[in-house]
Amino acid sequence: MTSTERPAPDTGGGPFGVPATAAGFGVYVHVPFCSVRCGYCDFNTYTADELGEGATRATYASSALQEVRRMAEAVGPRPVETVFFGGGTPTQLPADDLVGVLRSIDEHLGLRPGAEVTTEANPDSVTPASLARLREGGFTRISFGVQSAVPHVLATLDRTHDPARVPDAVRWAREAGFEQVSLDLIYGTPGESMDDWRTSLDQAVSLEPDHVSAYALIVEDGTAFARKVRRGEVVMPDDDETADKYLLADATLTAAGLGWYELSNWARDEAAQCRHNLLYWHGAEWWGVGPGAHSYVDRRRWWNVKHPAAYAQRLAAGEPVEADGEDIDAPTAALERIMLEIRLRSGLPLAALDPSVGAQVPVLAARGLLDIVDERLVLTLEGRLLADAVVRDLTD
């Protein structure tokens, strides 16, 4: 079974053969606050008790605005195709703060007409009023972190929202006028039965979302969840069970009219696909605002200091917030292109492969893992389950 974790937005633009101006430019805004740290999460997030001096939710937006101004100085006025507020839980901040950051991006760089503007949200972090304010302020898309509809599964994940709240949150988003509503699900939690997963899928499709993301739970080193697994307190499902849950997700979502367009993502139609994530997968350029955020511009990738206090202090002192970075050479870019584009239903151009591995293509096709469509390699359903192995065969 392939890992279906969310791929990090760390691929380049020009090396993919897609001019950045044609592929579009995106902005990611990292909001590192959560009410509770989930045991499985290794994202750069903090609860109020973990922040210490020098960083608060009340002052975060002003720090982000400073980096937006620096971004504008670095890249100049540049039409922005997509903006994505992630975290953490962006909606832990007041809606006015999120709208203020978006307005600053528009003021300093300029949003293209019809730009996609997304925020992630937990169902218990929104109200009808906050959603209405976000929509009024220019947000077009919202992605709710549902994860599961089953209370004992949510408890294992340390999720705090009441699953009964999800239909209300979706309805409020529709009433506020959001163009797209997406739901995030996680499968493979210890103790989650196949019936539990079916319940989560059934609830999700009953809400008629425009988009669903379904990711296998990944145990990341250094997390509380990893320590529980190491001590034998929880037992992860085997690969066959995880694969069966992926197949159930694909069958259920497809029957509900949602088509896969990336290994872990299904959309109602092309318009409902997440354009911001497609920007990453197709190798365009983007700037990441916020502590720990990654950026890729002019064949260089870099990432900011992680702690919100250090981030705010450096901005206030006029110092760089970059922690480290790297130039992306052609071999690295070629490898990353294969790793990312093979995940897409649109597939990977045959021309992107090194001739030395071209002989693997008919072998993989004969095994039923790949189809060749218009000179592009497209994973079959079986190939989607073994995507990591396919990538190894295409890159070794």
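Restricting attention to the stretch 97-129 and to residues that are over 16 Å from Glu67 (Cα atoms) and of a type in the set (D, E, K, R), the residue that is modelled with the lowest pLDDT turns out to be Asp124.
For the stretch 259-267, the count of residues that are under 30 Å from Arg198 (Cα atoms) and surrounded by fewer than 20 Cβ atoms within 10 Å (Cβ to Cβ) is nonzero.
Residues in the stretch 293-329 that are in contact with a helix residue (DSSP H, G or I) (Cβ under 8 Å, 6 or more places away or on another chain), surrounded by 14 or more Cβ atoms within 10 Å (Cβ to Cβ) and under 22 Å from Leu65 (Cα atoms): 9 in all.
Just one of (1) modelled with pLDDT of 95 or more; (2) acidic (Asp, Glu); (3) farther than 30 Å from Ala216 by Cα fails for Glu53. It is (1).
Reported count of residues in the stretch 188-212, each being under 14 Å from Pro163 (Cβ atoms) and among the charged types (D, E, K, R), is 3.
Of all residues in the stretch 328-344, those being within 18 Å of Ala284 (Cβ to Cβ) and not in a helix (DSSP H, G or I) number 4. Would you check if Arg171 is in contact with an Asp or Glu (Cβ under 9 Å, 6 or more places away or on another chain), without any contact (Cβ under 8 Å) to a residue 60 or more places away in the chain, closer than 27 Å to Asp124 by Cβ and in a helix (DSSP H, G or I)? No; evaluated as a whole, the condition is false for this residue.
Per-residue answers, yes or no, for (1) within 30 Å of Glu136 (Cα to Cα); (2) of a type in the set (S, T, N, Q):
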{"position": "Arg171", "(1), (2)": "yes, no"}
{"position": "Ala176", "(1), (2)": "yes, no"}
{"position": "Glu179", "(1), (2)": "yes, no"}
{"position": "Ser182", "(1), (2)": "yes, yes"}
{"position": "Gly188", "(1), (2)": "no, no"}
{"position": "Trp197", "(1), (2)": "no, no"}
{"position": "Pro209", "(1), (2)": "yes, no"}
{"position": "Val219", "(1), (2)": "no, no"}
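The residues of the stretch 254-272 that are acidic (Asp, Glu) and more than 17 Å from Arg141 (Cα to Cα) amount to a single one, Glu262. If you go through the stretch 330-353 and keep only what is loosely packed, with under 13 Cβ neighbours inside 10 Å and touching a residue at least 24 places away in the same chain (Cβ under 8 Å), you end up with Ala330, Ala351. Candidates Arg159, Arg135, Arg174, Arg165: the one that is in contact with a Cys (Cβ under 9 Å, 6 or more places away or on another chain) and charged (D, E, K, R) is Arg159.
Selection of helices (runs of 4 or more DSSP H) fully inside the stretch 189-285 by the criterion of at least 3 residues being within 30 Å of Leu335 (Cβ to Cβ) and in contact with a strand residue (DSSP E or B) (Cβ under 7 Å, 6 or more places away or on another chain) returns 239-255, 275-281. How many of the residues making up the stretch 153-164 are free of Cβ contacts under 8 Å to residues at least 40 places away in the same chain and farther than 17 Å from Leu183 by Cα? Summing the residues that are free of Cβ contacts under 8 Å to residues at least 40 places away in the same chain and farther than 17 Å from Leu183 by Cα in the stretch 153-164 gives 1. A single entry from Ala169, Ala214 fulfils the requirement of being under 25 Å from Ala387 (Cα atoms), surrounded by 22 or more Cβ atoms within 10 Å (Cβ to Cβ) and at pLDDT 95 or above: Ala214. Tallying residues that are modelled with pLDDT of 95 or more and polar (S, T, N, Q) within the stretch 78-90 yields 1. Scanning the stretch 130-164 for residues that are modelled with pLDDT under 95 and more than 18 Å from Glu192 (Cα to Cα) returns a single hit, Ala164.
The values are calculated or read from the model by the stated rules, or taken from the named source; none is laboratory data. Model, not experiment: these values are computed from the prediction. Backbone-built Cβ (ideal geometry, glycine too); neighbour counts: all protein chains shown.
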